[in-house]
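Some notes on the structure that comes next.
The values are calculated or read from the model by the stated rules, or taken from the named source; none is laboratory data. This one's a predicted model, so the numbers in the text were calculated from it and none came from an experiment. Neighbour counts run over all protein chains shown; Cβ positions are idealised from the backbone, glycine included.
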Amino acid sequence: MNRHILLTGLPGVGKTTVIKQLADSLVAYHPDGFFTQEIREDGVRKGFEVVTFDGRRQLLSHVNIPGPHRVGRYGVDLAGFEKLLETLGLRHSPSRVVILDEIGKMECLSPRFIQEVEVLLDSSKMVIATVGLKGGGFPATVRSRPDCQVVTVTLSNRSTLSNTLLPGISNILVSDKLE
């Protein structure tokens, strides 16, 4: 098994759910990082927020954010996201597991995020992340890395995928601890 795991799949298939299940199962390793969740108003998706594993929340994007940083109809709060990344300090985290949901278009508007992901992938830490199924740029570069195992989340495997991946993840983390 490769050092890093990238979960990919169609939008809405359950990548974030699998990431959260893995984070819960790996709690003994004190994973660091974040997941994204939708902001809904009157049942309509209006944006996304980043939620760190230590409970902090940061607006990532919203339809009402003006400015040049946009993905589709969403304005991206790039300054707020970069400030969160700075305070998280993932590359200096004592955790051996970093979970990122996601390496996506909005997050990749941040040069700081791209640099942080590159440093993490080149470090001894294990990165478990979600990444879009399609598209070029930095997400495609990450998907093509030889040290990343790309796993596709589907409707048929999403409920069992975290349990399928856990033994391999644990083996890597245990063998790292022994070295």
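Things to note:
- Residue in the stretch 117-139 that is in contact (Cβ under 8 Å) with a residue 12 or more places away in the chain, more than 22 Å from Gly9 (Cβ to Cβ) and touching a Gly at 6+ places or on another chain (Cβ under 9 Å) present: no
- Qualifying position, being modelled with pLDDT of 95 or more, surrounded by fewer than 18 Cβ atoms within 10 Å (Cβ to Cβ), not acidic (Asp, Glu) and not in a strand (DSSP E or B), among Asn157, Asn171: Asn157
- Matching residues, the stretch 118-135, being not in a helix (DSSP H, G or I) and not small (Gly, Ala, Ser): Lys125, Met126, Val127, Ile128, Thr130, Val131, Leu133, Lys134
- Considering residues of the stretch 95-120 that are in contact with a Lys or Arg (Cβ under 8 Å, 6 or more places away or on another chain) and surrounded by fewer than 18 Cβ atoms within 10 Å (Cβ to Cβ) only, the residue modelled with the highest pLDDT: Val119
- Test result for Pro11, modelled with pLDDT under 95 and farther than 26 Å from Val151 by Cα: no
- Qualifying residue in the stretch 68-82 (condition: surrounded by 15 or more Cβ atoms within 10 Å (Cβ to Cβ), farther than 20 Å from Gly137 by Cα, out of contact with any Pro (no Cβ under 8 Å at 6 or more places or on another chain) and among the aromatic types (Phe, Trp, Tyr)): no
- Counted residues, the stretch 6-62 - those being exposed (fewer than 15 other Cβ atoms within 10 Å of the Cβ) and part of a loop (DSSP other than H, G, I, E, B): 9
- Selection count where residues are of a type in the set (A, V, I, L, M) and touching a helix residue (DSSP H, G or I) at 6+ places or on another chain (Cβ under 6 Å), scope the stretch 11-47: 2
- Qualifying residue in the stretch 2-13 (condition: farther than 15 Å from Val127 by Cα and hydroxyl-bearing (Ser, Thr, Tyr)): no
- Cβ-Cβ distances below 7 Å connect the following pairs, each with a first residue in the stretch 38-64 that is farther than 22 Å from Gln21 by Cβ and without any contact (Cβ under 8 Å) to a residue 40 or more places away in the chain, a second residue that is of a type in the set (Val, Ile, Thr) and in a loop (DSSP other than H, G, I, E, B), and a separation of six or more residues or different chains: Lys46/Val63; Gly47/Val63.
- Candidate set: the stretch 82-116, residues that are touching a strand residue (DSSP E or B) at 6+ places or on another chain (Cβ under 6 Å) and assigned to a helix (DSSP H, G or I); chosen: the one nearest to Leu26 (Cα to Cα): Leu90
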